[in-house]
Amino acid sequence: MGKPVILVSSVTYAMKARDVLFRRGIKAIVHRIPPTAATGCGYGVYVPQGTEEAEAILRENSIRILGRAEWEASP
């Protein structure tokens, strides 16, 4: 099973998302993921717990979400 990653459009939005979530007490880690047409430049925010809540918080704070993916980390 992969990690739930919230996809955002740039590294800037990924860092903003991480900071917004940290302020709300939610652990979030910025991840570089392979860029595709769907993922833009290829950045996402891994939220180990509470991904649904995290997405809602990001939307409330005007952070554009491209979608969600299960990211398989390489060993």
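The values are calculated or read from the model by the stated rules, or taken from the named source; none is laboratory data. On a predicted model such as this, the values are computed, not experimentally measured, just so you know. Note that each Cβ is placed from the backbone with ideal geometry, even for glycine, and that neighbours are counted across all protein chains shown. Side chains are part of the model used for accessible areas, which takes the heavy atoms of the whole protein and leaves out ligands, DNA and RNA. Shrake-Rupley method; radii C 1.70, N 1.55, O 1.52, S 1.80 Å.
What is the one condition in (1) open to solvent by less than 30 Å² (accessible area, probe 1.4 Å); (2) aliphatic (A, V, I, L, M); (3) at pLDDT 90 or above that residue 33 does not satisfy?
Every condition holds for residue 33 apart from (3).
Can you say whether residue 52 is out of contact with any helix residue (DSSP H, G or I) (no Cβ under 6 Å at 6 or more places or on another chain), modelled with pLDDT under 95 and in a helix (DSSP H, G or I), as far as the supplied structure shows?
yes
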